[in-house]
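A.B. asks: Structure provided below as structure tokens; questions to follow.
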Amino acid sequence: MPAELSGGHGLYRGINRAGSFAFIRAEHDLAAVHAYLHRYRDRPVTLRAYTRELERLILWSVVVRQKALSSLLVEDCEAYKDFLKAPIPSFTGPKRPRTSGRWRPFAPEGLSEDSQAYAVRVIRAAFAWLVEVRYLAGNPWSAVHEPATVIRESAVQVHRALPADLWTRVRRLLDERCKAPILPSRMEPGEVGARLSRQARARADQEAAPQWRAARAAILLMGDSGLRRVEAAQARREDLRASDVRSESSTSVPRPTGEAPTAGEAAGSRPRTVWTLTIVGKRRKQRTVPVSGATLDALRAHWADRDRDFDGEAHGPLIAPLWIPETDTAQNRHTTEDHDVAYTPDALGRVVRMAVRRLVVELRADPSGLSEMSTEDLVQLVTTSAHAFRHTFGTRAVARDMPTDVVQSILGHASLQTTSIYVKAEKRRMLEAAAKYYADDDAQ
């Protein structure tokens, strides 16, 4: 930070600095901002979001406005609000690692109206705190209105949930890829060429199987337990435990039309102990969710890839990277006494997204695979994100007649009105299916 733009003492002191005794030991604006962000050290998601917005403001204030943060007036705040609508080219660029020299504060497409309003709210709250601790004399953002936004009917994108039959097929395809093939021990002379190519592919599949198993464990945590991406990334083994409840036989569980039974149900598997996972979700609210038997099996396989005993070592992240990139950032982050370091939410989201897209690529390359997937299915999988599997749980739970208040508790919704969106979506799907049925009947 240039001294003349630091808002420090003497000649460089910001014109909005308070003259009375301050409650924080901050000699300049950057130290004051760090003191504010330090309040959120135990809330990593909030800390990351607030850091991003304040960092953007500081960079704009210093580079574009040529003013210290503690010298910004209402006119400057209004100018930054306009800047958020259309950042200058030097501030935009494709997503890069934060340590890269090509990193830029904004994406090329800029910010949506909702993101612009969120930035103003975050900055206003930060300045209000700086006034409260008597670092600043006043809050210029209190006179700035938020950008106008459209109040949408629903923020929950239920339409992104996978239909029941597609969810069943995706799970089966994942299971197939998680099984490492057995390499042939001997080859007959006449089969050397064909066997060599098959062996090379089998070895590649065997090396990819652990990554498939990590992705499957994450997908099932979200699709069978309704976790958010950040909740799945932060879930730990010590918070997963067996309950005193046992599952009923599979024949007693109603299924929506088109959803095939799982392999265990088709075999008439015996009742299993129901496991539960305790997590801390949004608004620092703790909740407990059920964990399916398939998810437990997937987690055990993933832990075996990490050379960990799932049933014997009751600590550590449920899902963790199998290898660490050789970058300084990654190596420093994973230098810890803990046995494993969990994925970041973004990294876990990429693991899931890449697995699903790779599944689509393999299906497109295999004519037999295309026979069981429609074009609409493939298009939906290409655009599927990790959060879509949480919506998949919500829609399946409603379709199986799970009480709405139970679905609300598992998903961690603050309002029952939010959960009711899944009920409305299920009713709409029923009506659309009925309309198609009647149309086919009339055509005959």
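A.B. asks: Take the range 359-390 and flag every residue that is over 30 Å from A49 (Cα atoms) and surrounded by 15 or more Cβ atoms within 10 Å (Cβ to Cβ).
C.D. replies: Of everything in the range 359-390, those that are over 30 Å from A49 (Cα atoms) and surrounded by 15 or more Cβ atoms within 10 Å (Cβ to Cβ) turn out to be L359, V360, L363, G369, M373, D377, L378.
A.B. asks: Scanning the range 270-310 for residues that are surrounded by 16 or more Cβ atoms within 10 Å (Cβ to Cβ) and among the small types (G, A, S), which turns out nearest to the chain's Cα centre (by Cα)?
C.D. replies: G281
A.B. asks: For the range 121-136, does any single residue satisfy the condition of being among the hydroxyl-bearing types (S, T, Y), surrounded by 13 or more Cβ atoms within 10 Å (Cβ to Cβ) and assigned to a loop (DSSP other than H, G, I, E, B)?
C.D. replies: Among the residues of the range 121-136, at least one is among the hydroxyl-bearing types (S, T, Y), surrounded by 13 or more Cβ atoms within 10 Å (Cβ to Cβ) and assigned to a loop (DSSP other than H, G, I, E, B), which makes the answer yes.
A.B. asks: Scan the range 142-150 and give yes if some residue there is more than 27 Å from the chain's Cα centre (by Cα) and outside any loop (DSSP other than H, G, I, E, B), otherwise no.
C.D. replies: Yes, the range 142-150 contains at least one residue that is more than 27 Å from the chain's Cα centre (by Cα) and outside any loop (DSSP other than H, G, I, E, B).
A.B. asks: Moving to a separate point now. What number goes with the only condition from (1) surrounded by 15 or more Cβ atoms within 10 Å (Cβ to Cβ); (2) in contact with a His (Cβ under 9 Å, 6 or more places away or on another chain) that E27 does not pass?
C.D. replies: Only one criterion in (1) surrounded by 15 or more Cβ atoms within 10 Å (Cβ to Cβ); (2) in contact with a His (Cβ under 9 Å, 6 or more places away or on another chain) is unmet by E27, namely (1).
A.B. asks: Right, here's the next one. Note down all Cβ pairs under 7 Å where the first residue falls in the range 82-101 and is touching a residue at least 40 places away in the same chain (Cβ under 8 Å), the second is aromatic (F, W, Y), and they're at least six residues apart or on different chains.
C.D. replies: P97/W103
A.B. asks: Filter the range 9-26 down to the residues that are in a loop (DSSP other than H, G, I, E, B) and small (G, A, S) and list them by number.
C.D. replies: G14, A18, G19, S20, A22, A26
A.B. asks: Which of the numbered conditions does D401 fail, given that it passes all the others? Conditions: (1) of a type in the set (D, E, K, R); (2) under 25 Å from the mean Cα position of the chain (by Cα); (3) modelled with pLDDT of 75 or more.
C.D. replies: So D401 meets the others, but not (2).
A.B. asks: Quick one: how many residues across the range 64-89 are in a helix (DSSP H, G or I) and out of contact with any helix residue (DSSP H, G or I) (no Cβ under 8 Å at 6 or more places or on another chain)?
C.D. replies: So the answer is 6.
A.B. asks: Which residues, counting only those in the range 102-120, are in contact (Cβ under 8 Å) with a residue 24 or more places away in the chain and in a loop (DSSP other than H, G, I, E, B)?
C.D. replies: Once the filter is applied, which keeps residues that are in contact (Cβ under 8 Å) with a residue 24 or more places away in the chain and in a loop (DSSP other than H, G, I, E, B), the range 102-120 yields P105, G110, L111.
A.B. asks: Note down all Cβ pairs under 8 Å where the first residue falls in the range 31-55 and is over 23 Å from S115 (Cα atoms), the second is of a type in the set (S, T, N, Q), and they're at least six residues apart or on different chains.
C.D. replies: A32/S70
The values are calculated or read from the model by the stated rules, or taken from the named source; none is laboratory data. The structure displayed is predicted, hence computed values, not measured ones. Positions of Cβ are backbone-derived with ideal geometry, glycine not excepted, and every protein chain shown enters the neighbour counts.
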